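What follows is one structure encoded as structure tokens, with my remarks underneath.
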Amino acid sequence: MTEPRNPATHGSAASQALFDRARVVTPGGVNSPVRAFHAVGGTPRFVTSARGPYLLDADGNEYVDLIGSWGPMILGHAHPEVIAAVTRAVSAGTSYGTPTRPEVELAEEIVARTPIEQVRFVSSGTEATMSAIRLARGVTGRAKLVKFAGCYHGHVDALLASAGSGVATFGHPDSPGVTGAQAGDTLVVPYNDRAAVSDVFARYGEEIAAIITEAAPGNMGAVPPEDGFNEFLAATAHEHGALFISDEVMTGFRVSRSGWYGIDGVAADLVTFGKVMGGGFPAAAFGGKAAHMERLSPAGPVYQAGTLAGNPVATTAGLTTLRLADAQVYAHLDRTAATIAGLVGEALTKEGVPHLPQFAGNLFSIFFVDPTEVPRVRNFDDARSQAQHRFRAFFHAMLDGGVHLPPSAFEAWFVSAAHDEEALERIASALPAAARAAAAAEPDPAPTAETADPTQQERS
Ligand SMILES: *Cc1c(COP(=O)(O)O)cnc(C)c1O
């Protein structure tokens, strides 16, 4: 094993120089907020290449990668068979604006693994949920949506809504630029809270087009649905003539070959996919029963379209990735997630740092909560009770030790088929210093007007 180069010895001057340039020409220097390290501070690392479980940055530092491009890189980076298939596809031209064979094959593969009968490709998870919502509204002729606080479904206007005060309330815009009308059609309820769901349906059932939920939330950290929760959501929606939309953009083809559906078997009316199914390219999808999907243009009246939707290079990358992710890969992901969570737990326990590991399949998070006070993180409020100062210190010590965690305490950690013994050893050797840093971290000062709501989720 060659000695990995890491920031403790090689610094981050080249990344900082790129970040300085980027901030002149791009808002905040990044093209998606979480990359800017706002939640943890410091210099985001500009990556120049990646192979297997490792990222290489502009300063020549190597990191064990626990972001995995926020999910897609289930086989590890630059998998030779994916690269070969993509190279062949690229050589045949990159986009035609006509139908192609790989789209049909990828659609068949997805339909075969999931409860959906038809699928439509789009270019991002945001587009997938936006389109699924439009379809649900078109099918039901109703306007309102139910979503859960802490679930993220992309930057769709209607879904950038947060709960106001009170129990079950109409959403308030969670971002300037979202209108009160867009957010006001969204009812925001706490996750894993059946009473709150029943309550909004009792009051507004006839106006509700759909419930949308992450199949198993990974965007407030890993917060799995309690037993029977998704089944309850589907039944409640159906009782009131609404649709149940399961957002599998993160879980789809990652937690099992059939996504979260492969774990809990709850068949949603509409399902959204992204991340893994694009194999590292911009590709996403939504699908459902044929009766619903055939309401989409050109088969039906609900309009939806995309110039690069079903792009042949992206669909080839996705199809190759899905076919290579066999039962052994999923077994490896489950084992590796458990091993890493175990190693982190041991190191933190040794330093007396309160923490709670949680899993949603092979997605996992280490919450910096005190399990004697919060025995289970069930919802966003629980997730927000974390000692974020400990996460920040832990994150930076891991980064200095050559392990790149997601730069926010509200994210799941992602492993791949390429995370092998050596990668695990590197994680293990970075942990003692990181656990000490977490133990020594000082609590945050009281928030000022400028730092208020530091817990607002920032997205990949
Ligand atoms: C990432 C994500 C999205 C958004 O996907 P983008 O491709 O980033 O637009 C939507 N839903 C969930 C559950 C996600 O994790």
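FYI, it's all coordinate maths here, none of it is from the lab. Note that the structure is a prediction, hence the values are computed from the model and not measured. Positions of Cβ are backbone-derived with ideal geometry, glycine not excepted, and every protein chain shown enters the neighbour counts.
Points worth noting:
- Counted by neighbouring Cβ atoms within 10 Å, the residues 269, 264 run from fewest to most as 264, 269.
- Shape category assigned to segment 149-297 from the gyration tensor of Cα positions, a/c cut at 1.5: rounded
- Taken about its Cα centre, segment 391-437 carries a charge dipole of roughly 280 debye when the Cβ of each Lys and Arg holds +1 and the Cβ of each Asp and Glu holds -1.
- Of the DSSP H helices in the chain, those whose Cα atoms cover at least 20 Å axially and whose Kyte score averages 0.0 or more: 125-140, 327-350, 421-440
- Mean residue ellipticity at 222 nm, helices only, the chain: -11000 deg cm²/dmol; runs of at least 4 DSSP H residues each add -39,500 (n - 2.57), and the sum is divided by the number of residues.
- Top positive-direction residue, dipole computed over the chain with Cβ charges, set 260, 76, 177: 177
- Neighbour-limited loop hits for trypsin sites (Lys or Arg not before Pro), segment 364-393 (at most 15 other Cβ within 10 Å; DSSP other than H, G, I, E, B): 376
- Restricting the chymotrypsin sites (Phe, Trp or Tyr not before Pro) of segment 265-362 to loop positions (DSSP other than H, G, I, E, B) with no more than 14 neighbouring Cβ atoms within 10 Å leaves 303.
- Three-way shape call for the chain based on the alpha-carbon gyration tensor, with the a/c threshold at 1.5: oblate
- Options 43, 273, 360, ranked by Cα towards positive dipole end of the chain, top entry (Cβ charges): 273
- Applying 1/(1 + (r/R0)^6) with r as the Cβ-Cβ distance of residue 350 and residue 373 and R0 = 25 angstrom yields a FRET efficiency of 0.75.
- From least to most packed, judged by other beta carbons within 10 angstrom and beginning with the fewest, 426, 88 follow the order 88, 426.
- Site pair residue 299 and residue 96 shows an inter-label distance of 2.2 nm when each label is modelled 7 Å from Cα along Cα→Cβ.
- In loop segments of segment 95-187 as defined by DSSP, the chymotrypsin sites (Phe, Trp or Tyr not before Pro) with at most 15 further C-beta atoms inside 10 Å of their C-beta are 96.
- Nearest-20 debye value, the chain charge dipole, Cβ charges on Lys, Arg, Asp, Glu: 780
- Segment 315-408: C-alpha gyration tensor shape, a/c 1.5 cut-off, then a/b vs b/c: prolate
- Rounded to the nearest 20 debye, the dipole magnitude of segment 224-373 is 720 debye, with +1 charges on Lys and Arg beta carbons, -1 on Asp and Glu beta carbons, and the Cα centre as origin.
- Ignoring lysines fewer than eight residues from residue 275 along the same chain, the ones with Cα atoms less than 24 angstrom from its Cα are 147, 289.
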